[in-house]
Amino acid sequence: MVGKKLTKQEELLLQDFSRNVTTKSSALFYGNALIVSAIPLWLFWRIHQMDPYQSALVWAAMTIVSTYLVAFAYRNTKFILKHKVAQRREEAVNREVMKSLGDDKKMSRKEKDERALWKKNEVADYEATTFAIFYNNAFYLVLAIILSFYILKTTTPTMYPLRLNV
Amino acid sequence: MRLQLVLIGVLAVCFGNADEDHGPAWLLASKTLHNQFVVEGKELVVEYIIFNVGESAATNVVLTEESFHPEDFELVRGMTKTKWDRIAPGANVSHTIILRPRVYGFFNMTAADVSYLSSEDASEPVHSYTSAPGEGGIMRYRDFDRKFSPHILDWAAFGMMTVPSLCIPFMLWFRSKSKYETIAQQSRKTN
(Lines give C-alpha, C1' and ligand atoms only; values in the text may rest on other atoms or scores of the structure.)
Protein backbone atom coordinates (compact mmCIF):
# COMPACT_ATOMS: atom_id res chain seq x y z
CA MET A 1 0.00 0.00 0.00
CA VAL A 2 2.88 2.36 0.69
CA GLY A 3 3.61 4.51 -2.33
CA LYS A 4 0.41 3.48 -4.12
CA LYS A 5 -0.79 6.23 -6.40
CA LEU A 6 -4.26 7.52 -5.62
CA THR A 7 -6.92 7.50 -8.33
CA LYS A 8 -8.55 10.68 -9.38
CA GLN A 9 -11.68 9.69 -7.53
CA GLU A 10 -9.78 9.04 -4.31
CA GLU A 11 -7.98 12.35 -4.66
CA LEU A 12 -11.25 14.15 -5.11
CA LEU A 13 -12.74 12.40 -2.09
CA LEU A 14 -9.77 13.34 0.06
CA GLN A 15 -10.04 16.92 -1.11
CA ASP A 16 -13.76 16.85 -0.43
CA PHE A 17 -13.44 15.81 3.19
CA SER A 18 -10.49 18.03 3.91
CA ARG A 19 -10.69 21.61 5.13
CA ASN A 20 -7.47 22.39 3.32
CA VAL A 21 -7.66 24.76 0.41
CA THR A 22 -5.42 25.13 -2.60
CA THR A 23 -2.78 27.83 -2.74
CA LYS A 24 -4.88 29.77 -5.21
CA SER A 25 -7.93 29.63 -2.94
CA SER A 26 -5.80 30.55 0.05
CA ALA A 27 -4.43 33.60 -1.75
CA LEU A 28 -7.96 34.56 -2.78
CA PHE A 29 -9.21 34.20 0.79
CA TYR A 30 -6.42 36.18 2.38
CA GLY A 31 -6.61 38.89 -0.28
CA ASN A 32 -10.35 39.34 0.19
CA ALA A 33 -10.02 39.14 3.97
CA LEU A 34 -7.38 41.88 3.94
CA ILE A 35 -9.56 44.16 1.82
CA VAL A 36 -12.68 43.66 3.92
CA SER A 37 -10.72 44.06 7.17
CA ALA A 38 -9.28 47.35 5.95
CA ILE A 39 -12.62 48.88 4.93
CA PRO A 40 -13.87 49.72 8.48
CA LEU A 41 -10.67 51.72 9.06
CA TRP A 42 -12.27 54.40 6.90
CA LEU A 43 -15.12 54.64 9.41
CA PHE A 44 -12.73 54.75 12.36
CA TRP A 45 -10.85 57.61 10.72
CA ARG A 46 -13.61 59.75 9.25
CA ILE A 47 -16.57 59.14 11.52
CA HIS A 48 -15.09 58.13 14.85
CA GLN A 49 -12.39 60.77 14.28
CA MET A 50 -9.49 58.57 15.34
CA ASP A 51 -6.11 60.05 14.49
CA PRO A 52 -4.47 57.81 11.84
CA TYR A 53 -0.94 58.60 12.97
CA GLN A 54 -1.60 57.82 16.59
CA SER A 55 -3.69 54.76 15.82
CA ALA A 56 -1.53 53.31 13.03
CA LEU A 57 -0.02 50.53 15.14
CA VAL A 58 -3.33 49.44 16.64
CA TRP A 59 -4.99 49.52 13.24
CA ALA A 60 -2.21 47.51 11.59
CA ALA A 61 -2.20 44.87 14.32
CA MET A 62 -5.96 44.51 14.37
CA THR A 63 -6.19 44.39 10.57
CA ILE A 64 -3.73 41.49 10.50
CA VAL A 65 -5.63 39.63 13.21
CA SER A 66 -8.92 40.35 11.50
CA THR A 67 -7.57 39.18 8.13
CA TYR A 68 -6.57 35.85 9.64
CA LEU A 69 -9.92 35.42 11.39
CA VAL A 70 -11.98 36.34 8.32
CA ALA A 71 -9.93 33.99 6.13
CA PHE A 72 -10.52 31.28 8.75
CA ALA A 73 -14.25 32.01 8.53
CA TYR A 74 -14.12 31.79 4.73
CA ARG A 75 -12.46 28.35 4.92
CA ASN A 76 -14.96 26.96 7.38
CA THR A 77 -17.99 28.36 5.59
CA LYS A 78 -16.74 27.05 2.26
CA PHE A 79 -16.22 23.58 3.73
CA ILE A 80 -19.78 23.46 5.05
CA LEU A 81 -21.33 24.86 1.89
CA LYS A 82 -19.41 22.74 -0.57
CA HIS A 83 -21.21 19.52 0.30
CA LYS A 84 -24.64 21.13 0.15
CA VAL A 85 -23.88 22.77 -3.20
CA ALA A 86 -22.46 19.52 -4.59
CA GLN A 87 -25.69 17.68 -3.75
CA ARG A 88 -27.82 20.39 -5.36
CA ARG A 89 -25.77 20.70 -8.54
CA GLU A 90 -25.14 17.01 -9.11
CA GLU A 91 -27.99 16.50 -11.53
CA ALA A 92 -27.33 19.66 -13.54
CA VAL A 93 -23.58 19.10 -13.75
CA ASN A 94 -24.02 15.48 -14.82
CA ARG A 95 -26.40 16.58 -17.54
CA GLU A 96 -24.01 19.27 -18.72
CA VAL A 97 -21.02 16.94 -18.80
CA MET A 98 -22.91 14.09 -20.50
CA LYS A 99 -24.23 16.53 -23.05
CA SER A 100 -20.73 17.74 -23.90
CA LEU A 101 -19.14 14.26 -23.87
CA GLY A 102 -22.13 12.28 -25.11
CA ASP A 103 -20.86 11.94 -28.67
CA ASP A 104 -17.30 11.06 -27.65
CA LYS A 105 -17.17 7.31 -28.16
CA LYS A 106 -13.46 7.03 -27.34
CA MET A 107 -14.16 7.82 -23.70
CA SER A 108 -15.35 5.01 -21.49
CA ARG A 109 -18.30 5.27 -19.11
CA LYS A 110 -15.93 5.28 -16.18
CA GLU A 111 -13.94 8.18 -17.59
CA LYS A 112 -17.11 10.14 -18.23
CA ASP A 113 -18.25 9.55 -14.67
CA GLU A 114 -14.88 10.69 -13.37
CA ARG A 115 -15.08 13.79 -15.52
CA ALA A 116 -18.59 14.52 -14.18
CA LEU A 117 -17.38 14.03 -10.60
CA TRP A 118 -14.47 16.36 -11.18
CA LYS A 119 -16.75 18.97 -12.74
CA LYS A 120 -19.21 18.66 -9.87
CA ASN A 121 -16.37 19.21 -7.41
CA GLU A 122 -15.16 22.19 -9.36
CA VAL A 123 -18.60 23.82 -9.54
CA ALA A 124 -19.26 23.11 -5.86
CA ASP A 125 -15.86 24.53 -4.96
CA TYR A 126 -16.46 27.67 -7.04
CA GLU A 127 -19.95 28.38 -5.73
CA ALA A 128 -19.01 27.59 -2.14
CA THR A 129 -15.97 29.88 -2.36
CA THR A 130 -17.84 32.82 -3.86
CA PHE A 131 -20.81 32.51 -1.53
CA ALA A 132 -18.57 32.08 1.52
CA ILE A 133 -16.72 35.27 0.62
CA PHE A 134 -19.94 37.19 0.02
CA TYR A 135 -21.65 35.93 3.17
CA ASN A 136 -18.71 36.51 5.48
CA ASN A 137 -17.98 39.95 4.03
CA ALA A 138 -21.58 41.06 4.55
CA PHE A 139 -21.67 39.62 8.06
CA TYR A 140 -18.35 41.23 9.02
CA LEU A 141 -19.30 44.68 7.71
CA VAL A 142 -22.73 44.66 9.36
CA LEU A 143 -21.16 43.49 12.62
CA ALA A 144 -18.52 46.24 12.40
CA ILE A 145 -21.18 48.91 11.99
CA ILE A 146 -23.48 47.58 14.72
CA LEU A 147 -20.65 47.11 17.22
CA SER A 148 -18.95 50.44 16.65
CA PHE A 149 -22.06 52.64 16.35
CA TYR A 150 -24.54 51.04 18.71
CA ILE A 151 -23.20 48.49 21.17
CA LEU A 152 -19.84 50.15 21.84
CA LYS A 153 -21.17 53.68 21.34
CA THR A 154 -20.13 54.94 24.76
CA THR A 155 -16.60 53.51 24.79
CA THR A 156 -13.57 55.38 23.45
CA PRO A 157 -12.93 54.84 19.75
CA THR A 158 -9.54 53.24 20.48
CA MET A 159 -11.34 50.20 21.81
CA TYR A 160 -13.38 49.62 18.66
CA PRO A 161 -10.75 47.79 16.57
CA LEU A 162 -9.77 45.68 19.57
CA ARG A 163 -13.28 44.64 20.43
CA LEU A 164 -14.24 44.08 16.81
CA ASN A 165 -11.75 41.28 16.60
CA VAL A 166 -12.82 39.65 19.82
CA MET B 1 -67.81 121.95 46.86
CA ARG B 2 -65.25 124.39 48.19
CA LEU B 3 -63.78 121.72 50.42
CA GLN B 4 -63.50 119.36 47.47
CA LEU B 5 -61.62 121.94 45.40
CA VAL B 6 -59.19 122.56 48.25
CA LEU B 7 -58.61 118.82 48.58
CA ILE B 8 -57.92 118.43 44.87
CA GLY B 9 -55.49 121.34 45.01
CA VAL B 10 -53.56 119.81 47.92
CA LEU B 11 -53.32 116.43 46.16
CA ALA B 12 -52.07 118.07 42.94
CA VAL B 13 -49.29 119.83 44.81
CA CYS B 14 -48.29 116.62 46.54
CA PHE B 15 -48.05 114.59 43.34
CA GLY B 16 -46.46 117.48 41.46
CA ASN B 17 -43.68 117.69 44.01
CA ALA B 18 -43.32 113.91 44.04
CA ASP B 19 -42.16 114.01 40.36
CA GLU B 20 -39.05 115.94 41.30
CA ASP B 21 -38.00 113.42 43.96
CA HIS B 22 -37.21 110.16 42.02
CA GLY B 23 -35.19 107.27 43.29
CA PRO B 24 -31.89 106.44 41.64
CA ALA B 25 -31.46 104.29 38.56
CA TRP B 26 -30.91 100.60 39.24
CA LEU B 27 -29.54 98.36 36.56
CA LEU B 28 -29.84 94.59 36.45
CA ALA B 29 -27.71 92.88 33.81
CA SER B 30 -27.72 89.34 32.53
CA LYS B 31 -25.12 87.50 30.51
CA THR B 32 -26.27 84.37 28.67
CA LEU B 33 -24.80 81.97 26.19
CA HIS B 34 -27.03 81.15 23.24
CA ASN B 35 -25.25 77.92 22.40
CA GLN B 36 -26.40 74.54 23.54
CA PHE B 37 -22.85 73.29 23.00
CA VAL B 38 -19.70 75.37 23.20
CA VAL B 39 -17.31 73.87 20.68
CA GLU B 40 -13.70 74.59 19.83
CA GLY B 41 -13.51 76.51 16.55
CA LYS B 42 -17.26 77.10 16.30
CA GLU B 43 -19.08 80.39 16.95
CA LEU B 44 -20.25 81.17 20.45
CA VAL B 45 -22.99 83.80 20.87
CA VAL B 46 -23.04 85.78 24.12
CA GLU B 47 -25.93 88.12 24.83
CA TYR B 48 -26.04 90.84 27.47
CA ILE B 49 -29.35 92.40 28.52
CA ILE B 50 -29.45 95.40 30.85
CA PHE B 51 -32.71 96.33 32.57
CA ASN B 52 -33.25 99.63 34.34
CA VAL B 53 -35.54 98.76 37.24
CA GLY B 54 -34.92 102.07 39.01
CA GLU B 55 -36.91 105.27 38.92
CA SER B 56 -34.36 107.45 37.17
CA ALA B 57 -32.59 107.16 33.90
CA ALA B 58 -29.14 105.62 34.03
CA THR B 59 -26.54 107.56 32.11
CA ASN B 60 -23.04 106.77 30.82
CA VAL B 61 -23.70 103.07 30.97
CA VAL B 62 -20.54 101.15 30.11
CA LEU B 63 -20.49 97.38 29.68
CA THR B 64 -16.99 95.89 29.80
CA GLU B 65 -16.30 92.24 29.07
CA GLU B 66 -12.82 91.01 30.03
CA SER B 67 -13.32 87.34 30.77
CA PHE B 68 -12.79 86.15 27.17
CA HIS B 69 -9.05 86.41 26.82
CA PRO B 70 -7.84 86.86 23.19
CA GLU B 71 -5.50 83.88 23.61
CA ASP B 72 -8.43 81.59 24.28
CA PHE B 73 -11.20 83.28 22.29
CA GLU B 74 -11.23 85.01 18.93
CA LEU B 75 -13.66 87.92 18.70
CA VAL B 76 -15.66 87.40 15.50
CA ARG B 77 -18.26 90.16 15.78
CA GLY B 78 -19.19 92.78 18.33
CA MET B 79 -17.29 94.82 20.89
CA THR B 80 -16.22 93.81 24.34
CA LYS B 81 -16.62 97.39 25.61
CA THR B 82 -19.91 99.13 24.83
CA LYS B 83 -21.46 102.40 25.97
CA TRP B 84 -25.03 103.66 26.17
CA ASP B 85 -25.63 107.32 26.86
CA ARG B 86 -28.91 106.76 28.61
CA ILE B 87 -31.22 103.98 29.66
CA ALA B 88 -34.62 105.25 30.63
CA PRO B 89 -36.37 103.86 33.74
CA GLY B 90 -38.24 100.67 32.86
CA ALA B 91 -36.31 100.27 29.61
CA ASN B 92 -33.83 97.59 28.63
CA VAL B 93 -31.02 97.30 26.13
CA SER B 94 -29.22 94.29 24.72
CA HIS B 95 -25.81 93.68 23.26
CA THR B 96 -24.44 90.58 21.55
CA ILE B 97 -20.93 89.45 20.78
CA ILE B 98 -19.82 86.45 18.76
CA LEU B 99 -16.69 84.62 19.79
CA ARG B 100 -14.84 81.57 18.59
CA PRO B 101 -13.06 79.43 21.19
CA ARG B 102 -9.50 78.58 20.21
CA VAL B 103 -9.03 75.87 22.82
CA TYR B 104 -11.11 73.13 24.44
CA GLY B 105 -11.54 72.12 28.04
CA PHE B 106 -13.19 73.53 31.13
CA PHE B 107 -13.74 77.27 31.20
CA ASN B 108 -15.11 79.49 33.93
CA MET B 109 -17.33 82.16 32.39
CA THR B 110 -17.38 85.00 34.88
CA ALA B 111 -19.49 88.13 34.94
CA ALA B 112 -18.96 91.25 32.84
CA ASP B 113 -18.62 94.65 34.48
CA VAL B 114 -21.33 97.35 34.22
CA SER B 115 -20.79 100.92 35.38
CA TYR B 116 -23.28 103.77 35.22
CA LEU B 117 -24.33 107.01 36.77
CA SER B 118 -27.44 106.43 38.82
CA SER B 119 -28.86 109.90 38.29
CA GLU B 120 -28.23 112.91 36.12
CA ASP B 121 -26.45 114.81 38.82
CA ALA B 122 -24.43 111.88 40.18
CA SER B 123 -20.64 112.18 39.94
CA GLU B 124 -19.48 108.78 41.13
CA PRO B 125 -20.33 105.82 38.85
CA VAL B 126 -21.99 102.76 40.28
CA HIS B 127 -20.18 99.50 39.55
CA SER B 128 -22.20 96.40 39.02
CA TYR B 129 -21.82 92.97 37.43
CA THR B 130 -23.84 90.89 35.04
CA SER B 131 -24.89 87.36 35.91
CA ALA B 132 -22.21 84.73 35.33
CA PRO B 133 -22.92 81.58 33.26
CA GLY B 134 -20.44 79.72 35.45
CA GLU B 135 -18.09 76.88 34.65
CA GLY B 136 -18.71 75.00 31.48
CA GLY B 137 -16.93 72.78 29.05
CA ILE B 138 -15.68 73.72 25.63
CA MET B 139 -16.03 70.57 23.58
CA ARG B 140 -13.25 69.42 21.31
CA TYR B 141 -14.19 69.83 17.66
CA ARG B 142 -13.37 66.21 16.93
CA ASP B 143 -15.76 64.96 19.61
CA PHE B 144 -18.52 67.29 18.44
CA ASP B 145 -18.08 66.22 14.83
CA ARG B 146 -18.10 62.58 15.82
CA LYS B 147 -21.32 63.02 17.76
CA PHE B 148 -23.35 65.32 15.53
CA SER B 149 -22.05 65.52 12.00
CA PRO B 150 -24.11 63.53 9.45
CA HIS B 151 -20.97 62.44 7.56
CA ILE B 152 -22.98 61.90 4.40
CA LEU B 153 -19.99 61.96 2.07
CA ASP B 154 -18.03 59.65 4.34
CA TRP B 155 -20.85 57.11 4.41
CA ALA B 156 -21.20 57.38 0.63
CA ALA B 157 -17.49 56.66 0.24
CA PHE B 158 -17.82 53.71 2.62
CA GLY B 159 -20.70 52.40 0.55
CA MET B 160 -18.62 52.67 -2.63
CA MET B 161 -15.76 50.78 -0.95
CA THR B 162 -17.98 47.92 0.18
CA VAL B 163 -19.62 47.43 -3.24
CA PRO B 164 -16.75 45.43 -4.82
CA SER B 165 -16.34 43.20 -1.76
CA LEU B 166 -20.02 42.33 -1.74
CA CYS B 167 -21.22 42.62 -5.31
CA ILE B 168 -18.42 40.79 -7.11
CA PRO B 169 -18.57 37.54 -5.07
CA PHE B 170 -22.37 37.67 -5.13
CA MET B 171 -22.56 38.14 -8.90
CA LEU B 172 -20.08 35.33 -9.52
CA TRP B 173 -22.05 32.97 -7.28
CA PHE B 174 -25.39 34.04 -8.70
CA ARG B 175 -24.28 33.53 -12.29
CA SER B 176 -23.16 29.98 -11.62
CA LYS B 177 -26.27 29.22 -9.56
CA SER B 178 -28.60 30.56 -12.26
CA LYS B 179 -26.84 28.59 -14.97
CA TYR B 180 -27.10 25.23 -13.22
CA GLU B 181 -30.60 25.82 -11.90
CA THR B 182 -31.71 26.50 -15.47
CA ILE B 183 -30.09 23.28 -16.63
CA ALA B 184 -31.75 21.38 -13.77
CA GLN B 185 -35.16 22.86 -14.59
CA GLN B 186 -34.79 21.95 -18.25
CA SER B 187 -33.84 18.36 -17.39
CA ARG B 188 -36.90 18.07 -15.12
CA LYS B 189 -39.14 19.33 -17.92
CA THR B 190 -37.76 16.86 -20.49
CA ASN B 191 -38.14 14.01 -17.97
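The values are calculated or read from the model by the stated rules, or taken from the named source; none is laboratory data. Source: prediction; values computed, not measured. Ideal geometry is used to build each Cβ from the backbone, glycine not excepted, and the neighbour counts take in all protein chains shown. Calculation scope for accessible area: heavy atoms of the full protein, side chains included, ligands and nucleic acids excluded. Shrake-Rupley method; radii C 1.70, N 1.55, O 1.52, S 1.80 Å.
Over the protein assembly as shown, with every protein chain in place, what whole percent of the accessible area is carbon and sulfur at 1.4 Å, could you tell me?
On the way: 13440 of 22460 Å².
So the carbon and sulfur contribution to the accessible surface is 60 percent.
What the Cα atoms of segment B:83-191 give is an Rg and a Dmax of 35.1, 116 Å. For segment A:31-58, list whatever residues lose no less than 30 Å² of accessible surface once every protein chain is in place, relative to that chain by itself, with the probe at 1.4 Å. Checking the loss per residue gives A:ILE39, A:TRP42, A:LEU43, A:ARG46, A:ILE47, A:GLN49. For B:ALA157 and A:MET98, a Förster radius of 45 Å and the Cβ-Cβ distance give a FRET efficiency of 0.35, rounded to the nearest 0.05.
Pairs of alpha carbons in chain B separated by more than 27 Å make up 60% of all such pairs. The spacing between segment B:121-167 and segment A:37-103, judged by their C-alpha centroids, is 39 Å.
Accessible surface computed residue by residue for chain B, with neighbouring protein chains in place and a 1.4 Å probe, gives 64 Å² per residue.
Interface A/B, total buried accessible area with a 1.4 Å probe, nearest 100 Å²?
Details: alone 11570 and 13670 Å², together 22460 Å².
Summing both sides, the interface buries roughly 2800 Å².
Between B:GLU120 and A:ILE64, the distance separating the two model label sites (each 7 Å from Cα on the Cα→Cβ line) works out to 8.6 nm.
Each of A:THR63, A:LEU34, B:ILE152 was placed along the dipole of the protein assembly as shown (beta-carbon charges, centred on the mean Cα), and the one lying farthest toward the positive end is A:LEU34. Counting lysine pairs in chain B whose alpha carbons fall under 19 angstrom apart, excluding pairs fewer than 8 residues apart on the same chain, gives 5.
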